[in-house]
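Right, one structure below, let's go through it.
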Amino acid sequence: MSPAQAEHGPPPMVQATGVSKWFGDLVAVSDVSFSIGAGVTALLGPNGAGKSTLLRMMCGLARPSNGSLTVLGKDPRSDVAVLGRIGMAPQQEPLLDYLSGRDFVELAAKLHQIDHPVEAARRAIQAVELDPDDTRRLSTYSKGMRQRIKLAQAVVHDPVVIALDEPLTGLDPRQRREMIALFHRLGAEGKCVIVSSHVLDEVERFGSRVLVIAQGRLAAEGDFREIRNLMDDRPLRISIRTDQPRALAITLLDRGVISGCRLESEDALVVDTSDPTAFRRAVAPAARERDASLLEMRPLDDDLESVFRYLVGQ
Amino acid sequence: MNPHIYRVVVRSQISPGRLLAWAGLSGVAILLGFVARAADDSVSFATQSMGTFGTNIFAPFIALTLGSAALGDLVEDRTLVYIWLRPVPRYSMATAAFAAVISVVGPIVVVVMTAAAAVTGVDDLLMATAAATALAVFAYSGLFLALGLRFKRSLLVGLGYIAIWELLMSRLGDWFARLSVRSYPMSILSDATGVEMRLADRSTLASYIVPVAVGLAGLAYTSWRLTRTEID
């Protein structure tokens, strides 16, 4: 390790600098910069946010329209050799259906020119909890099995950087737990595991560093707890059903926990708050003070899209 | 050439439907051989038959169905990623796919057409048919391999190319004919038996060199395209 590295820590395994990617008029990724090291990193964002495009660029499948993206210091697009140290499970479902699962993983091992490809394929298939002696064609595999065999071909050559695009789709809860444990094992071994997902709770279970991608931009990055807090603290519009909407609205306005309100009906109120935490603390005492019954409280913009929109605005 | 990719491509090309189509076309070729043998001017009829059916129809259509599918199908069903992601030089992938197409199309077309030529009983036609169809297979395989990677509906584009360029435009004049692949293998047949055929007036040297050059150009384009294309 050079003195500079000793001072600043190990160099990042994946480094993106001002990366943009556009397809005609459509901007899929816009000026994204980040660096990723060993361990599990989640790429979180809604469908169409640009996660898959970023992963594809990391694996050399697509070229950035602007900026640079290196993996282990090399351009994966032009340096074929670095692909030997990258493993990827793409999002798309189709596989080489005329092969058996074993042949499919063995093919990957052989193309990576690793020693003992047959044994390596067996190990990889066992690691994803499939039967290495299963000779059925991939066309007969269920969705969960297809997801797992994709993971097996991604790790069969013991890559350093592993990019997994929505790898938990189609798995049952037990399989998800096993796969997440596998990601953690790989991360603990010093590998750089990048997992994309559009499911907030799923990413929470990775318990990892998170890059939030929304509308092609890097909306936030950091430890999952920081991101979660950021998401929890964003302005909210909340629908409240109560028998005394007017009185409750006045009290909440007086306490300064809402910035606006609208009476929807004789028992419904919609309020805007820029401090959801303070609002949550204040609403029950306010109702008690007015002797109002709280029948229902429901956030109107709690879907993931609105969370990401907010983060992009930040 | 990568042997693993070669095997995958060969395996992907063989399907029951295709086997049935190849068997049907092979039957027609052998039948033509018997018809030519029974014809009054069997040399002329046999040469015309081997040229018209073998190099104008059989070779290009079989090469089209397999060549365009070799990499084209992998692009279309988005499975090329499982080959492309590996540290294999792109020219090696292209060469493996090309070899796979040749090794399936070659035996079907060359063996069947040579057998058909043997059935005609015209001795001069035997080696000429083998050479002409082999060269046609080489040229069309390279051409359609590249086409499969370049166009989304490559089978339709290829059919359009065969029908419009090879079969129609090539008749418009000598310069058009020079740009038609089929005129070169047909010239080999014409040279061998002395039977004059339309378009079959290329020099012997050109008849051998041009189809090889076309096949290699298709292979080179495929290699280049694999390095440039973005994989979905």
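The values are calculated or read from the model by the stated rules, or taken from the named source; none is laboratory data. All values reported here derive from a predicted model rather than from experimental measurement. With ideal geometry, Cβ positions are generated from the backbone for all residues, glycine too; neighbour counts draw on all protein chains shown. Surface areas here come from the heavy atoms of the whole protein model, side chains and all, with no ligands, DNA or RNA. Shrake-Rupley method; radii C 1.70, N 1.55, O 1.52, S 1.80 Å.
With the checklist (1) within 14 Å of chain B (Cβ to nearest Cβ); (2) surrounded by 16 or more Cβ atoms within 10 Å (Cβ to Cβ); (3) among the charged types (D, E, K, R) in hand, flag the one item A:Glu93 doesn't pass.
(2)
Could you list, in sequence order, all residues of the stretch A:172-212 that are crowded, with 20+ Cβ neighbours inside 10 Å and assigned to a loop (DSSP other than H, G, I, E, B)?
Hits for the stretch A:172-212 are A:Lys191, A:His198, A:Ser208.
Name the one entry in B:Ser26, B:Ser103, B:Ser44, B:Ser68 that is under 29 Å from B:Ala177 (Cα atoms) and touching a Gly at 6+ places or on another chain (Cβ under 9 Å).
When all the criteria are applied, what remains is B:Ser68.
Those residues that are within 14 Å of chain A (Cβ to nearest Cβ), assigned to a helix (DSSP H, G or I) and either more than 13 Å from B:Val9 (Cα to Cα) or among the acidic types (Asp, Glu) (or both), I need them from the stretch B:41-83; list them, please.
Across the stretch B:41-83, the qualifying residues are B:Asp73, B:Glu76, B:Val81.
Quick check, is B:Ala116 touching a residue at least 60 places away in the same chain (Cβ under 8 Å), open to solvent by less than 10 Å² (accessible area, probe 1.4 Å) and more than 14 Å from every other protein chain (Cβ to nearest Cβ)?
Numbers: touching a residue at least 60 places away in the same chain (Cβ under 8 Å): yes; open to solvent by less than 10 Å² (accessible area, probe 1.4 Å): yes; more than 14 Å from every other protein chain (Cβ to nearest Cβ): yes.
Judged against the criteria, B:Ala116 is a match.
Can you tell me which residue within the stretch B:195-212, out of those that are at pLDDT 85 or above and over 15 Å from B:Asp174 (Cα atoms), is surrounded by the fewest Cβ atoms within 10 Å (Cβ to Cβ)?
B:Leu205
Taking A:Ala124, is it away from chain B (no Cβ under 12 Å), in a helix (DSSP H, G or I), of a type outside the set (Phe, Trp, Tyr) and open to solvent by less than 10 Å² (accessible area, probe 1.4 Å)? Working first, answer last.
Details: away from chain B (no Cβ under 12 Å): yes; in a helix (DSSP H, G or I): yes; of a type outside the set (Phe, Trp, Tyr): yes; open to solvent by less than 10 Å² (accessible area, probe 1.4 Å): yes.
Spelling it out, A:Ala124 is indeed away from chain B (no Cβ under 12 Å), in a helix (DSSP H, G or I), of a type outside the set (Phe, Trp, Tyr) and open to solvent by less than 10 Å² (accessible area, probe 1.4 Å).
Tell me which of these B:Ala96 doesn't satisfy, since it passes every other one: (1) open to solvent by less than 10 Å² (accessible area, probe 1.4 Å); (2) away from every other protein chain (no Cβ under 13 Å); (3) among the small types (Gly, Ala, Ser).
(2)
Could you list, in sequence order, all residues of the stretch B:1-25 that are away from chain A (no Cβ under 13 Å) and either of a type in the set (Phe, Trp, Tyr) or loosely packed, with under 11 Cβ neighbours inside 10 Å (or both)?
Scanning the stretch B:1-25 gives B:Gly17, B:Leu20, B:Trp22, B:Gly24.
Taking B:Val101, is it over 17 Å from B:Tyr221 (Cα atoms), surrounded by 23 or more Cβ atoms within 10 Å (Cβ to Cβ) and touching a residue at least 40 places away in the same chain (Cβ under 8 Å)?
Values: over 17 Å from B:Tyr221 (Cα atoms): no; surrounded by 23 or more Cβ atoms within 10 Å (Cβ to Cβ): yes; touching a residue at least 40 places away in the same chain (Cβ under 8 Å): yes.
For B:Val101, the condition - over 17 Å from B:Tyr221 (Cα atoms), surrounded by 23 or more Cβ atoms within 10 Å (Cβ to Cβ) and touching a residue at least 40 places away in the same chain (Cβ under 8 Å) - is not met.
Taking A:Leu99 and the conditions (1) at the interface with chain B (Cβ under 9 Å from one of its Cβ atoms); (2) under 29 Å from the mean Cα position of the chain (by Cα), which numbered condition does it fall short on, given that it satisfies the others?
(2)
All but one of (1) touching a residue at least 12 places away in the same chain (Cβ under 8 Å); (2) open to solvent by 10 Å² or more (accessible area, probe 1.4 Å); (3) within 13 Å of another protein chain (Cβ to nearest Cβ); (4) under 19 Å from the mean Cα position of the chain (by Cα) hold for A:Thr169, so report the exception by its number.
Exception for A:Thr169: condition (3).
What are the pairs with Cβ atoms under 6 angstrom where one residue, in the stretch A:37-57, is away from chain B (no Cβ under 14 Å) and part of a helix (DSSP H, G or I) and the other, located anywhere, is small (Gly, Ala, Ser) and buried (at least 23 other Cβ atoms within 10 Å of the Cβ)? Sequence gap at least six, or different chains.
A:Lys51/A:Gly45; A:Lys51/A:Ser196
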